[in-house]
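The values are calculated or read from the model by the stated rules, or taken from the named source; none is laboratory data. Not measured: the values here are computed from a predicted model. We place every Cβ from the backbone using ideal geometry, glycine too, and count neighbours over all the protein chains shown. Surface areas here come from the heavy atoms of the whole protein model, side chains and all, with no ligands, DNA or RNA. Shrake-Rupley method; radii C 1.70, N 1.55, O 1.52, S 1.80 Å.
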Amino acid sequence: MQFNVNHSAFDAIDTDALVIFLFDDEDAASLTALSGTHTALFNSLKDQNLLASKVGQVTPLIGHADLPASQVLLIGAGSRAKLSENNFIKVIKATLKALKQAKVSSASLALDDLIPAKRSVAWSVEKATELMLTGLYQYDTTKSKKADSNKLERLDYLVAEQNLDTAIRTGRALAHGMNVARELGNLPANICNPDYLVEQANNLADAYDEISVEVLGQKEMEALGMGSFLAVTQGSANPPYVIVMKYNGGKSDEKPHVLVGKGLTFDAGGISIKPAAGMEDMKYDMLGAASVFGTLNTLAELKPALNVIGVICAAENMCSGTATRPGDVVTSMSGKTIEVINTDAEGRLVLCDALTYVDRFEPASVVDIATLTGAVIVGLGHHPTAVYANNEELQQQLVSAGQASWDRGWPMPLWEEYNEELESPFADLRNIGAGRAAGSITAAAFLSEFTRDYNWAHLDIAGTGWTTAKEGATGRPVGMLTRYLLDRLS
Ligand code: BES
Ligand code: MN
Ligand code: ZN
């Protein structure tokens, strides 16, 4: 799809659909650009209470014959003075829905009117572009009847500002990355298994010169002593991998930022098997990995001067005669021994070895992304990603990146009191806390035992990576991660 910036007045815009936003706290300023007859028509509709200015309401304007646009759509946007980011998003989503229904191939949006109170025109153009392209994604890979193909080919933003190429380019690359993450997440586990993730990594490296890939198989993992990771996968017929993808955009001596993604393509819980209800959702247990793929895809399109390494822990957690038992003690790559109390707390067991492994990259920062705990959903719901870090500045950088990209996170504590709950009489650590309390925090505390040598953050995305079966994977936190990395450009 093509995006443009257009500075023309309404009566000079030839488009299938002209979209004008209506506010309830003033006469739509945009309409002043209409001819006198339209202002009169607008006022008459308004007097009859026929103009719907509630957020997302759509009114087709009839009688606009002297405007070159084939259709004029008025879309409610609520209060202009208090236009929030969330309302902006609702309005753009309603706009896309109306454009899809109208089956138009081009549209022009009076976006200059729709700038959230605390945001710039560039932010709005970037966000609208992202929302349009993510809104056009529809999962149909495993349906025999494919989704209707997209008719919308061209979108113009009617704004006075000129330099919006970066905003459009960023919004587009972000949407592509988010859609990559969503597709990987939505695919079922019988297709998207560890081997499939390896294939995707190779495809990414083939598509972009800046990306190279290296895959560690079971043998290499054994040689490295990844006993914790391998304990998770030994019950599965599908072999595990550590996939290392390098995006080289910066100088060769520049320290890399490392992203480590939990890629459990299915999590049955192992011998501590999960209840049947909702178990199908555990195909989403690779969304951390999916967000790493998505972010690298976005970077490969934007080509910032950064070095970023994405590490995927690709594995399956199954129950079988060869599966790890509760009570088994395993030795992690770090040398620390772990008593596996609950085989369903497997994410931390694969991540701890990957986190030990990445020390060799002498990272500027390490961020792991994982659908790690159900407890984070109890605590924070589906709105913010939980942000943990062993470095306050890094935690703040991630929270700020979330605020800027409106893919928000919330800071969580890492206190030694939580680590004390991980003591075991039989090993250096146990893999779950003593009780159910603070389950997301004790999981993060477990990881903190393996990340003392570098700046590290952990994002628990169990509540934000996907929400409901209907919505599926959200593409989060590609927005936060991309913003965080772009902010590191000096
Ligand atoms: N993958 C799950 C976490 C999860 C739960 C993600 C619900 C998305 C939705 C993780 O491996 C897990 O099973 N965690 C356990 C930990 C417990 C055994 C301490 C949990 O949260 O119940
Ligand atoms: Mn689990
Ligand atoms: Zn899991």
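Anything over 28 Å Cα to Cα? Flag those among Lys118/Lys146; Lys283/Lys303; Lys97/Lys127; Lys118/Lys151; Lys127/Lys255, in the order listed.
Lys118/Lys146; Lys283/Lys303; Lys118/Lys151; Lys127/Lys255
Any idea which of Pro413, Met132, Gly56 is furthest toward the positive side of the dipole for the chain, if Lys and Arg beta-carbons carry +1 and Asp and Glu beta-carbons -1?
Value computed over the given set: Gly56.
Can you send over the carbon and sulfur percentage of the accessible area for the range 177-486, probe radius 1.4 Å, protein chains only?
On the way: 5730 of 11340 Å².
Summing carbon and sulfur atoms, their accessible area is 51 percent of the total for the range 177-486.
Any number yet on Rg/Rh for the range 374-488, C-alpha, Kirkwood?
Numbers: Rg = 14.9 Å, Rh = 14.8 Å.
For the range 374-488, the value is 1.00.
How large is ³J(HN,Hα), in whole Hz, for each residue of the range 138-146 in order, when computed from phi with the Karplus curve 6.51 cos²θ - 1.76 cosθ + 1.60 and θ = phi - 60°, using x for Gly and Pro?
Coupling constants for the range 138-146: 9, 5, 8, 4, 10, 10, 6, 9, 7 Hz.
Just list whichever of Lys143/Lys246; Lys54/Lys470; Lys219/Lys262 have alpha carbons separated by over 23 Å in the model shown.
Lys143/Lys246; Lys54/Lys470
Expressed as a rounded percentage, what relative contact order does the chain have, with Cα pairs under 8 Å and six or more residues apart?
Numbers: 1129 pairs, mean separation 67.1, N = 490.
Relative contact order, the chain: 14 percent.
Check cross-link reach from Lys251 to the aspartates and glutamates: straight Cα distance under 13 Å, and skip same-chain residues fewer than eight apart.
Glu210
Quick one: net charge around Gln396, please, counting Lys, Arg +1 and Asp, Glu -1 for every other residue with C-beta under 14 Å from its C-beta. Don't skip to the answer; put the middle values down first.
Numbers: positive: Arg408, Arg483, Arg488; negative: Glu392, Glu393, Asp487.
So the environment of Gln396 carries a net charge of 0.
Identify all aspartates and glutamates with a Cα-Cα distance to Lys82 below 17 Å; exclude those on the same chain that are fewer than 8 residues away in sequence.
Straight-line reach from Lys82, under 17 Å: Asp24, Asp25, Glu26, Asp27, Asp112, Asp113.
For Leu259, which sequence-distant residues (separation of 5 or more, or a different chain) have an amide H within less than 5 Å of its own amide H, given hydrogens modelled in the peptide plane?
Sorted by chain and number, the residues that satisfy this are Ile309, Gly310, Val311, Val367.
Which one, Phe88, Ser212, Gly335, is farthest towards the positive end of the dipole of the chain when Lys and Arg carry +1 and Asp and Glu -1 on their Cβ?
Among Phe88, Ser212, Gly335, the one farthest towards the positive end of the dipole of the chain is Phe88.
Would you mind working out the accessible area per residue for the chain, using a 1.4 Å probe, and quoting it in Å²?
Per residue, the chain has 41 Å² of solvent-accessible surface.
Take the Cα coordinates of the range 177-486, assign each an equal point scatterer, and use the Debye formula without solvent to give log10 I(q)/I(0) at q = 0.07, 0.11 Å⁻¹.
Here log10 of I(q) over I(0) equals -0.22, -0.57.
Could you state how much accessible area Asp148 has, in square angstrom rounded to the nearest 10, with a 1.4 Å probe and all protein chains kept in place?
We get 130 Å² for Asp148.
In percent, how large is the relative contact order of the range 2-155, given Cα pairs closer than 8 Å and 6 or more residues apart?
The value is 29 percent.
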